[in-house]
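Chemist: Okay, here's the structure, questions in a sec.
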Amino acid sequence: MFQTLYNYFWWERLWLPENVTWADLEDQDGRVYAKASHLYITLPLAFLFLIVRHLFETYVATPLARLLNVKEKIRLKATPNAVLEKFYAATSKHPKQADVEMLSKKSGCSGRQVERWFRRRRNQDRPSLLKKFREASWRFTFYLIAFIAGMAVIVDKPWFYDLREVWKGYPIQSMLPSQYWYYMIELSFYWSLLFSIASDVKRKDFKEQIIHHVATIILISFSWFANYIRAGTLIMALHDSSDYLLESAKMFNYAGWRNTCNNIFIVFAAVFIITRLVILPFWIMHCTLVYPLELYPAFFGYYFFNVMVAVLLLLHIFWAYLIIRMAQKFITGKARGGLGTARGCPRGEGAVVEDERSDREETDNSEEEEEKNGPLSNGHPVLNNNHRKTD
(Lines give C-alpha, C1' and ligand atoms only; values in the text may rest on other atoms or scores of the structure.)
Protein backbone atom coordinates (compact mmCIF):
# COMPACT_ATOMS: atom_id res chain seq x y z
CA MET A 1 0.00 0.00 0.00
CA PHE A 2 2.83 2.37 0.87
CA GLN A 3 4.43 1.71 -2.50
CA THR A 4 1.13 2.44 -4.26
CA LEU A 5 0.78 5.78 -2.46
CA TYR A 6 4.39 6.56 -3.23
CA ASN A 7 3.84 5.86 -6.93
CA TYR A 8 0.70 8.03 -7.01
CA PHE A 9 2.48 10.87 -5.22
CA TRP A 10 5.36 10.88 -7.68
CA TRP A 11 3.21 10.29 -10.75
CA GLU A 12 4.90 12.27 -13.47
CA ARG A 13 1.70 13.90 -14.71
CA LEU A 14 1.31 15.61 -11.34
CA TRP A 15 4.70 17.23 -11.37
CA LEU A 16 5.82 17.50 -14.98
CA PRO A 17 4.36 18.55 -18.35
CA GLU A 18 3.31 16.03 -20.96
CA ASN A 19 6.03 14.00 -22.66
CA VAL A 20 8.48 14.69 -19.83
CA THR A 21 9.53 11.98 -17.38
CA TRP A 22 11.74 11.81 -14.30
CA ALA A 23 14.32 10.07 -16.48
CA ASP A 24 14.73 13.33 -18.40
CA LEU A 25 15.88 14.97 -15.16
CA GLU A 26 18.58 12.48 -14.30
CA ASP A 27 22.04 13.96 -13.82
CA GLN A 28 24.18 13.53 -16.93
CA ASP A 29 26.96 15.21 -18.89
CA GLY A 30 27.84 17.38 -15.90
CA ARG A 31 24.30 18.77 -15.61
CA VAL A 32 22.69 18.45 -12.16
CA TYR A 33 18.93 18.67 -11.59
CA ALA A 34 16.86 19.33 -8.46
CA LYS A 35 15.76 16.24 -6.56
CA ALA A 36 13.42 15.73 -3.61
CA SER A 37 16.21 14.05 -1.64
CA HIS A 38 18.12 17.34 -1.62
CA LEU A 39 15.57 18.80 0.80
CA TYR A 40 16.29 16.29 3.56
CA ILE A 41 19.12 18.51 4.70
CA THR A 42 16.74 21.39 5.49
CA LEU A 43 15.40 19.79 8.69
CA PRO A 44 18.77 19.46 10.47
CA LEU A 45 19.67 22.90 9.10
CA ALA A 46 16.46 24.27 10.65
CA PHE A 47 17.53 23.04 14.08
CA LEU A 48 20.98 24.49 13.43
CA PHE A 49 19.26 27.81 12.73
CA LEU A 50 17.53 27.58 16.13
CA ILE A 51 20.91 27.09 17.82
CA VAL A 52 22.50 29.94 15.88
CA ARG A 53 19.51 32.12 16.72
CA HIS A 54 19.91 31.41 20.45
CA LEU A 55 23.60 32.28 20.31
CA PHE A 56 22.90 35.40 18.24
CA GLU A 57 20.20 36.67 20.59
CA THR A 58 22.38 35.99 23.64
CA TYR A 59 25.75 37.30 22.48
CA VAL A 60 24.82 39.86 19.80
CA ALA A 61 21.23 41.09 20.19
CA THR A 62 21.30 41.44 23.99
CA PRO A 63 24.50 43.57 24.09
CA LEU A 64 23.12 45.58 21.16
CA ALA A 65 19.93 46.21 23.15
CA ARG A 66 22.00 47.53 26.06
CA LEU A 67 24.01 49.69 23.65
CA LEU A 68 20.82 51.18 22.20
CA ASN A 69 19.42 51.67 25.70
CA VAL A 70 16.40 49.42 25.20
CA LYS A 71 14.52 49.84 28.47
CA GLU A 72 11.84 47.64 29.91
CA LYS A 73 8.59 49.18 31.01
CA ILE A 74 8.03 48.63 34.71
CA ARG A 75 5.02 46.38 35.18
CA LEU A 76 3.19 46.03 38.48
CA LYS A 77 2.85 42.34 39.22
CA ALA A 78 -0.40 40.68 40.20
CA THR A 79 -0.14 39.53 43.80
CA PRO A 80 -0.55 35.77 44.37
CA ASN A 81 -4.19 34.78 44.61
CA ALA A 82 -5.06 31.09 44.22
CA VAL A 83 -8.72 31.67 43.32
CA LEU A 84 -8.02 34.22 40.59
CA GLU A 85 -4.99 32.32 39.27
CA LYS A 86 -7.02 29.12 38.90
CA PHE A 87 -9.72 30.94 36.91
CA TYR A 88 -7.07 32.70 34.79
CA ALA A 89 -5.30 29.46 33.90
CA ALA A 90 -8.27 27.15 33.46
CA THR A 91 -11.22 29.30 32.35
CA SER A 92 -10.49 32.70 30.84
CA LYS A 93 -7.97 35.51 30.89
CA HIS A 94 -10.79 37.99 30.23
CA PRO A 95 -13.57 37.35 32.76
CA LYS A 96 -17.05 38.64 32.02
CA GLN A 97 -18.91 40.84 34.45
CA ALA A 98 -20.75 37.88 35.94
CA ASP A 99 -17.43 36.10 36.42
CA VAL A 100 -15.95 39.17 38.10
CA GLU A 101 -18.81 39.26 40.60
CA MET A 102 -18.45 35.54 41.31
CA LEU A 103 -14.68 35.81 41.74
CA SER A 104 -15.12 38.84 43.96
CA LYS A 105 -17.20 36.79 46.39
CA LYS A 106 -14.82 33.80 46.30
CA SER A 107 -11.61 35.79 46.71
CA GLY A 108 -12.83 38.45 49.09
CA CYS A 109 -11.71 41.21 46.71
CA SER A 110 -13.82 43.98 45.30
CA GLY A 111 -14.88 43.82 41.66
CA ARG A 112 -12.47 46.58 40.75
CA GLN A 113 -9.61 44.77 42.44
CA VAL A 114 -10.43 41.60 40.51
CA GLU A 115 -10.40 43.50 37.21
CA ARG A 116 -7.10 45.13 38.12
CA TRP A 117 -5.59 41.76 39.05
CA PHE A 118 -6.51 40.31 35.65
CA ARG A 119 -5.09 43.34 33.84
CA ARG A 120 -1.79 42.97 35.63
CA ARG A 121 -1.75 39.21 35.18
CA ARG A 122 -2.29 39.58 31.42
CA ASN A 123 0.50 42.15 31.26
CA GLN A 124 2.83 39.72 33.02
CA ASP A 125 2.30 37.20 30.21
CA ARG A 126 3.10 39.70 27.51
CA PRO A 127 6.59 39.38 26.03
CA SER A 128 9.24 41.72 27.34
CA LEU A 129 10.69 44.53 25.28
CA LEU A 130 14.06 42.77 25.25
CA LYS A 131 12.48 39.59 23.85
CA LYS A 132 10.86 41.60 21.06
CA PHE A 133 14.11 43.41 20.28
CA ARG A 134 16.10 40.18 20.17
CA GLU A 135 13.58 38.52 17.86
CA ALA A 136 13.49 41.53 15.52
CA SER A 137 17.30 41.68 15.47
CA TRP A 138 17.58 38.03 14.45
CA ARG A 139 15.02 38.33 11.68
CA PHE A 140 16.52 41.60 10.44
CA THR A 141 19.94 40.00 10.20
CA PHE A 142 18.69 36.96 8.31
CA TYR A 143 16.39 38.82 5.92
CA LEU A 144 19.08 41.38 5.06
CA ILE A 145 21.70 38.70 4.37
CA ALA A 146 19.15 36.59 2.47
CA PHE A 147 18.12 39.55 0.30
CA ILE A 148 21.73 40.41 -0.55
CA ALA A 149 22.52 36.74 -1.25
CA GLY A 150 19.36 36.34 -3.31
CA MET A 151 20.17 39.32 -5.48
CA ALA A 152 23.71 37.99 -5.97
CA VAL A 153 22.21 34.69 -7.13
CA ILE A 154 19.83 36.14 -9.72
CA VAL A 155 21.04 39.61 -10.73
CA ASP A 156 23.40 38.26 -13.41
CA LYS A 157 20.87 35.79 -14.82
CA PRO A 158 18.97 36.54 -18.06
CA TRP A 159 15.59 35.68 -16.50
CA PHE A 160 16.03 38.52 -13.99
CA TYR A 161 15.62 40.96 -16.89
CA ASP A 162 13.45 38.94 -19.27
CA LEU A 163 10.82 36.81 -17.52
CA ARG A 164 10.29 34.66 -20.61
CA GLU A 165 13.75 33.27 -19.95
CA VAL A 166 12.33 31.69 -16.78
CA TRP A 167 10.72 28.99 -18.94
CA LYS A 168 13.32 28.66 -21.68
CA GLY A 169 14.02 24.93 -21.97
CA TYR A 170 11.75 24.05 -19.02
CA PRO A 171 11.81 21.60 -17.32
CA ILE A 172 15.23 20.52 -18.61
CA GLN A 173 17.01 23.27 -16.68
CA SER A 174 20.10 22.30 -14.73
CA MET A 175 20.60 23.52 -11.18
CA LEU A 176 23.38 25.91 -10.21
CA PRO A 177 25.23 25.55 -6.86
CA SER A 178 24.17 29.09 -5.88
CA GLN A 179 20.52 28.19 -6.47
CA TYR A 180 20.90 25.05 -4.38
CA TRP A 181 22.23 26.87 -1.34
CA TYR A 182 19.78 29.75 -1.70
CA TYR A 183 16.90 27.27 -1.64
CA MET A 184 18.26 25.16 1.22
CA ILE A 185 18.94 28.16 3.46
CA GLU A 186 15.59 29.85 2.79
CA LEU A 187 13.61 26.64 3.32
CA SER A 188 15.57 25.79 6.49
CA PHE A 189 14.89 29.25 7.90
CA TYR A 190 11.15 28.96 7.34
CA TRP A 191 11.16 25.53 8.97
CA SER A 192 12.88 27.12 11.98
CA LEU A 193 10.23 29.86 12.10
CA LEU A 194 7.51 27.23 12.11
CA PHE A 195 9.25 25.26 14.87
CA SER A 196 9.68 28.35 17.07
CA ILE A 197 6.34 30.05 16.40
CA ALA A 198 4.84 28.82 19.68
CA SER A 199 7.57 30.55 21.71
CA ASP A 200 7.92 33.67 19.56
CA VAL A 201 6.07 36.91 20.18
CA LYS A 202 2.41 36.23 19.44
CA ARG A 203 0.34 38.77 17.54
CA LYS A 204 -3.26 39.00 16.43
CA ASP A 205 -2.36 37.55 13.03
CA PHE A 206 -0.94 34.38 14.64
CA LYS A 207 -3.07 32.10 12.46
CA GLU A 208 -2.17 34.04 9.32
CA GLN A 209 1.51 33.70 10.24
CA ILE A 210 1.15 29.93 10.48
CA ILE A 211 -0.64 29.83 7.11
CA HIS A 212 2.11 31.99 5.62
CA HIS A 213 4.93 29.78 6.93
CA VAL A 214 3.21 26.57 5.80
CA ALA A 215 2.33 28.00 2.36
CA THR A 216 5.90 29.25 1.94
CA ILE A 217 7.39 25.87 2.87
CA ILE A 218 5.03 24.06 0.49
CA LEU A 219 5.70 26.55 -2.32
CA ILE A 220 9.48 26.38 -1.94
CA SER A 221 9.45 22.57 -1.70
CA PHE A 222 7.09 22.10 -4.63
CA SER A 223 8.98 24.52 -6.84
CA TRP A 224 12.10 22.50 -6.10
CA PHE A 225 10.43 19.15 -6.90
CA ALA A 226 8.98 20.44 -10.17
CA ASN A 227 12.16 22.34 -11.11
CA TYR A 228 10.45 25.75 -10.90
CA ILE A 229 13.76 27.01 -9.51
CA ARG A 230 14.09 30.13 -11.62
CA ALA A 231 10.62 31.37 -10.68
CA GLY A 232 11.22 30.32 -7.06
CA THR A 233 14.38 32.37 -6.67
CA LEU A 234 12.61 35.44 -8.05
CA ILE A 235 9.72 35.03 -5.59
CA MET A 236 12.01 34.50 -2.60
CA ALA A 237 14.16 37.54 -3.39
CA LEU A 238 11.02 39.62 -3.91
CA HIS A 239 9.75 38.73 -0.44
CA ASP A 240 13.08 39.34 1.27
CA SER A 241 13.27 42.85 -0.19
CA SER A 242 10.91 44.40 2.38
CA ASP A 243 11.07 42.09 5.41
CA TYR A 244 14.38 43.41 6.74
CA LEU A 245 13.02 46.98 6.61
CA LEU A 246 10.10 46.07 8.89
CA GLU A 247 12.37 44.31 11.38
CA SER A 248 14.78 47.25 11.46
CA ALA A 249 11.87 49.63 12.08
CA LYS A 250 10.84 47.48 15.04
CA MET A 251 14.38 47.53 16.42
CA PHE A 252 14.60 51.30 16.32
CA ASN A 253 11.11 51.56 17.80
CA TYR A 254 12.05 49.38 20.77
CA ALA A 255 15.16 51.55 21.21
CA GLY A 256 13.05 54.72 21.20
CA TRP A 257 14.50 56.17 17.99
CA ARG A 258 11.17 57.61 16.90
CA ASN A 259 12.07 59.54 13.76
CA THR A 260 14.30 56.78 12.43
CA CYS A 261 11.55 54.23 13.06
CA ASN A 262 8.97 56.39 11.30
CA ASN A 263 11.15 57.01 8.26
CA ILE A 264 12.04 53.34 7.86
CA PHE A 265 8.38 52.38 8.21
CA ILE A 266 7.44 54.74 5.36
CA VAL A 267 10.09 53.14 3.15
CA PHE A 268 8.96 49.66 4.21
CA ALA A 269 5.31 50.43 3.41
CA ALA A 270 6.25 51.68 -0.06
CA VAL A 271 8.51 48.71 -0.82
CA PHE A 272 5.96 46.22 0.54
CA ILE A 273 3.11 47.55 -1.57
CA ILE A 274 5.21 47.86 -4.74
CA THR A 275 6.76 44.39 -4.47
CA ARG A 276 3.88 42.38 -2.98
CA LEU A 277 0.85 44.05 -4.59
CA VAL A 278 2.29 45.28 -7.89
CA ILE A 279 5.35 43.28 -8.98
CA LEU A 280 4.15 39.95 -7.59
CA PRO A 281 0.69 39.82 -9.24
CA PHE A 282 1.40 41.81 -12.43
CA TRP A 283 4.88 40.56 -13.26
CA ILE A 284 5.70 37.35 -11.39
CA MET A 285 2.21 35.79 -11.45
CA HIS A 286 1.77 36.86 -15.06
CA CYS A 287 5.04 35.06 -15.75
CA THR A 288 3.92 31.85 -13.98
CA LEU A 289 0.35 31.90 -15.33
CA VAL A 290 0.73 32.99 -18.96
CA TYR A 291 4.20 32.15 -20.27
CA PRO A 292 4.20 28.41 -19.39
CA LEU A 293 1.05 27.87 -21.47
CA GLU A 294 2.97 29.03 -24.52
CA LEU A 295 5.22 25.98 -24.14
CA TYR A 296 3.01 23.16 -22.82
CA PRO A 297 -0.58 22.43 -21.73
CA ALA A 298 -1.52 23.14 -18.13
CA PHE A 299 -1.00 20.28 -15.69
CA PHE A 300 -1.53 19.75 -11.95
CA GLY A 301 1.82 21.23 -10.96
CA TYR A 302 1.07 24.38 -12.93
CA TYR A 303 -2.23 24.88 -11.10
CA PHE A 304 -0.85 23.95 -7.68
CA PHE A 305 2.13 26.31 -7.91
CA ASN A 306 -0.04 29.25 -8.91
CA VAL A 307 -2.63 28.50 -6.23
CA MET A 308 0.07 28.62 -3.56
CA VAL A 309 1.36 31.94 -4.93
CA ALA A 310 -2.24 33.22 -4.84
CA VAL A 311 -2.50 32.22 -1.15
CA LEU A 312 0.57 34.32 -0.42
CA LEU A 313 -0.93 37.20 -2.39
CA LEU A 314 -4.13 37.07 -0.31
CA LEU A 315 -2.05 37.21 2.87
CA HIS A 316 -0.15 40.19 1.47
CA ILE A 317 -3.45 41.97 0.78
CA PHE A 318 -4.47 41.35 4.40
CA TRP A 319 -1.19 42.71 5.74
CA ALA A 320 -1.25 45.63 3.30
CA TYR A 321 -4.62 46.60 4.77
CA LEU A 322 -3.04 46.72 8.25
CA ILE A 323 -0.04 48.65 6.93
CA ILE A 324 -2.28 51.22 5.22
CA ARG A 325 -4.28 51.66 8.45
CA MET A 326 -1.04 52.34 10.30
CA ALA A 327 0.12 54.73 7.59
CA GLN A 328 -3.18 56.64 7.76
CA LYS A 329 -2.77 57.08 11.51
CA PHE A 330 0.76 58.26 10.95
CA ILE A 331 -0.23 60.79 8.26
CA THR A 332 -3.23 62.14 10.20
CA GLY A 333 -1.23 62.40 13.42
CA LYS A 334 -3.35 59.85 15.27
CA ALA A 335 -0.55 57.32 15.65
CA ARG A 336 0.40 55.94 19.02
CA GLY A 337 3.67 54.37 20.10
CA GLY A 338 4.20 50.75 19.35
CA LEU A 339 5.21 49.41 15.96
CA GLY A 340 5.59 45.67 16.03
CA THR A 341 3.99 45.19 19.47
CA ALA A 342 6.38 47.62 21.11
CA ARG A 343 5.49 50.78 22.94
CA GLY A 344 9.06 51.92 23.22
CA CYS A 345 8.47 55.36 21.67
CA PRO A 346 6.74 57.84 23.96
CA ARG A 347 3.52 59.42 22.80
CA GLY A 348 3.45 62.89 21.42
CA GLU A 349 5.26 64.54 18.57
CA GLY A 350 7.05 61.99 16.42
CA ALA A 351 5.25 58.99 17.92
CA VAL A 352 5.38 55.93 15.72
CA VAL A 353 2.42 54.15 14.24
CA GLU A 354 0.98 51.32 16.24
CA ASP A 355 1.07 47.81 14.88
CA GLU A 356 -2.52 46.79 14.15
CA ARG A 357 -1.55 43.17 14.85
CA SER A 358 -0.46 43.85 18.42
CA ASP A 359 -2.15 43.60 21.77
CA ARG A 360 -1.88 46.83 23.71
CA GLU A 361 -0.34 47.09 27.14
CA GLU A 362 -3.26 47.41 29.54
CA THR A 363 -3.30 50.26 32.02
CA ASP A 364 -5.86 52.02 34.13
CA ASN A 365 -6.08 55.44 35.69
CA SER A 366 -5.61 54.04 39.16
CA GLU A 367 -2.05 52.78 38.57
CA GLU A 368 -0.39 56.11 39.42
CA GLU A 369 -2.58 56.44 42.46
CA GLU A 370 -1.62 52.92 43.48
CA GLU A 371 2.07 53.68 43.19
CA LYS A 372 1.55 56.52 45.68
CA ASN A 373 -0.58 54.54 48.11
CA GLY A 374 1.08 51.16 47.85
CA PRO A 375 0.55 47.86 46.05
CA LEU A 376 -2.19 45.33 46.59
CA SER A 377 -1.69 42.60 49.14
CA ASN A 378 -3.54 39.43 48.17
CA GLY A 379 -5.83 41.50 46.02
CA HIS A 380 -6.36 44.21 48.67
CA PRO A 381 -4.55 47.55 48.99
CA VAL A 382 -2.14 47.83 51.90
CA LEU A 383 -1.88 50.77 54.29
CA ASN A 384 0.49 53.54 53.34
CA ASN A 385 1.07 56.75 55.28
CA ASN A 386 -1.78 55.69 57.56
CA HIS A 387 -4.29 55.99 54.73
CA ARG A 388 -6.11 53.14 53.05
CA LYS A 389 -6.83 53.31 49.36
CA THR A 390 -10.47 52.75 48.53
CA ASP A 391 -11.96 51.45 45.30
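Chemist: Under a 1.4 angstrom probe, counting protein chains only, how are Leu312, Leu48 ranked by accessible area, largest first? Could the numbers behind the result be given before it?
Modeler: Working: Leu312 5, Leu48 90 Å².
Descending order: Leu48, Leu312.
Chemist: I need the calculated FRET efficiency for the pair Ala270 and Leu64, taking r as the beta carbon distance and R₀ as 22 Å, to the nearest 0.05.
Modeler: Details: r = 27 Å, r/R0 = 1.21.
So, using R0 = 22 Å, E works out to roughly 0.25.
Chemist: Cα centroid distance between the stretch 1-78 and the stretch 271-320, in Å?
Modeler: 21
Chemist: Shifting gears a bit: Given contacts defined as C-alpha pairs under 8 Å and at least six residues apart, what's the relative contact order of the stretch 82-125, whole-number percent? Could the numbers behind the result be given before it?
Modeler: On the way: 22 pairs, mean separation 17.4, N = 44.
Relative contact order comes out at 40 percent.
Chemist: Whole-Hz ³J(HN,Hα) for each residue in the stretch 156-167, computed from phi via Karplus 6.51 cos²θ - 1.76 cosθ + 1.60 with θ = phi - 60°, x for glycine and proline: what do you get?
Modeler: With coefficients 6.51, -1.76 and 1.60, one gets 9, 9, x, 6, 6, 9, 10, 5, 5, 5, 4, 9 Hz.
Chemist: Which order do Glu294, Glu57, Glu12 take when ranked by solvent-accessible area (1.4 Å probe, heavy atoms of all protein chains), largest first? Write out the running numbers ahead of the final one.
Modeler: On the way: Glu294 110, Glu57 25, Glu12 50 Å².
Descending order: Glu294, Glu12, Glu57.
Chemist: Using 7 Å Cα-to-Cβ label points, what is the Leu55/Lys71 separation (nm, one decimal)?
Modeler: Computed distance between label sites Leu55 and Lys71 equals 3.4 nm.
Chemist: Okay, moving on. State the extension gain, in nm to one decimal, for the chain segment bounded by Met1 and Ile324, taking 0.36 nm per residue of separation less the distance between their alpha-carbons.
Modeler: Numbers: separation 323, 0.36 × 323 = 116.28 nm, distance 5.15 nm.
Extending this stretch completely gives an extra 111.1 nm.
Chemist: Ok, one more. Describe numerically, in nm with one decimal, the distance between label points set 7 Å from Cα along Cα→Cβ at Trp11 and at Phe300.
Modeler: 0.5
Chemist: Which FRET efficiency value, to the nearest 0.05, is calculated for Ser110 and Ile211 with the Förster distance at 35 angstrom and r the Cβ-Cβ distance? Don't jump to the answer; show the numbers that get you there.
Modeler: On the way: r = 43 Å, r/R0 = 1.24.
Efficiency for this residue pair is about 0.20.
Chemist: Let me ask you something else. Using only the heavy atoms of the protein chains and a 1.4 Å probe, how would His212, His316, His38, His94 rank by accessible area, largest first? Before the final figure, lay out the partial values.
Modeler: Numbers: His212 20, His316 0, His38 45, His94 120 Å².
I get His94, His38, His212, His316, largest accessible area first.
The values are calculated or read from the model by the stated rules, or taken from the named source; none is laboratory data. If you're wondering where the values come from, they're calculated on a predicted model, not measured in any experiment. Note that each Cβ is placed from the backbone with ideal geometry, even for glycine, and that neighbours are counted across all protein chains shown. Remember, those area values only see protein heavy atoms, side chains included, never the ligands or the DNA or RNA. Shrake-Rupley method; radii C 1.70, N 1.55, O 1.52, S 1.80 Å.
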